[in-house]
Amino acid sequence: MKNFKEFLLQRKTASGFNIRLRCFADEYLNYKRVHQNPIRILDVGCGHNCELFNYKQKEDKYYACDFYEVINAQVDDYKVINFNEEKLTNRYGGEKFDIIFCGEVIEHLFSPDSLLSEMMDLMNEESILILSTPNLGYYVNRFLLLFGINPLFLENSSEVKLGRKFKFLGQFNKTEGHIRVFTYGALRDLLELKGFKIVKIISVPVWENVVDRIVCFFSRSLSADNIFILKK
């Protein structure tokens, strides 16, 4: 089996600005309305295209990191980091950031606990961490399990998706590299265990359809994805 970095490099995540990223950008702009001074932003797992950089206001400094050697964006500062082998605090030792983005990253890590602790070390008292990850308890997954079908977001093989039975559910598609998948409750438990204060939670759909939007309005535990706005 290839090492984890090589595996992820083969699975270059699809780009495109979606509902979740729009919420990230909105929370950044909300923070800017209160904090007028130039701020420092760290995008952990920025991806190839670093879409959030396009929403940065001119006076702010945008740092980004991921395991790709080259990204398709001219950010202020980019570092190559393998999150399963290196520590953020070793690369950004002594630095503090006002906003940290961490979208759809922790499910790819052997130890999300370590990354959360490292991000907290990079925050000051006024900083916020904006974090998201898919929800294993998604209402669709609960129906799939009733019929013995492997849930969405959960992957068993390191190469292809299995147990989905049908191609439209992803059977035999290449995997996304998910290692740790959380229910809403499990993620809350982990964040509280690591000492974070939850400021706000936003439930968002992964696929833009009416049912998912309605579910997000009524239930965090049944939504496809949750965005947590956190303070230390």
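General observations
- The chain - mean residue ellipticity at 222 nm from DSSP helices (-39,500 (n - 2.57) per run, n ≥ 4, rounded to 500): -8000 deg cm²/dmol
- Long pairs among Lys87/Lys231; Lys174/Lys197; Lys58/Lys194, criterion Cα-Cα beyond 30 Å: Lys174/Lys197; Lys58/Lys194
- Other residues whose C-beta falls under 13 angstrom from the C-beta of Glu126 contribute a net charge of +4, scoring Lys and Arg +1 and Asp and Glu -1.
- Label positions at Asn82 and Glu208, each projected 7 Å from the Cα along the C-beta direction, are separated by 3.7 nm.
- For the range 72-105, the residues whose amide N sits under 12 Å from a probe point set 7 Å from the Cα of Asn54 along the beta carbon direction are 73.
- Over every Cα atom in the chain, the radius of gyration and the widest Cα-Cα span, Dmax, amount to 17.5, 54 Å.
- Electrostatic bookkeeping for Asp26 treats Lys and Arg as +1 and Asp and Glu as -1; over the other residues with beta carbon under 13 Å from its beta carbon, the sum is +4.
- For peptides 216-224, 142-150, sequence by mean Cβ density within 10 Å, most packed first: 216-224, 142-150
- Share antiparallel - DSSP beta bridges, the chain, percent rounded to 5: 40
- Taking the C-alpha atoms only, the angle from helix 112-121 to the longest principal axis of the chain is near 20 degrees.
- Karplus-based coupling profile of the range 26-40, in residue order and whole Hz: 4, 5, 4, 5, 4, 5, 5, 5, 8, 10, 7, 5, x, 10, 10, with θ = phi - 60° in 6.51 cos²θ - 1.76 cosθ + 1.60 and x standing for Gly or Pro.
- By the Cβ distance rule of under 4.7 Å, the chain has these cysteines without a partner: Cys23, Cys65, Cys102, Cys216.
- Relative contact order of the chain, defined on C-alpha pairs under 8 angstrom at six or more residues apart (%): 19
None of the figures in this text is laboratory data; all of them are computed from the coordinates on show. Keep in mind that this is a model prediction, so the values were computed, not measured. As a convention, Cβ positions derive from the backbone with ideal geometry for all residues, glycine included, and neighbour counts pool all protein chains shown.
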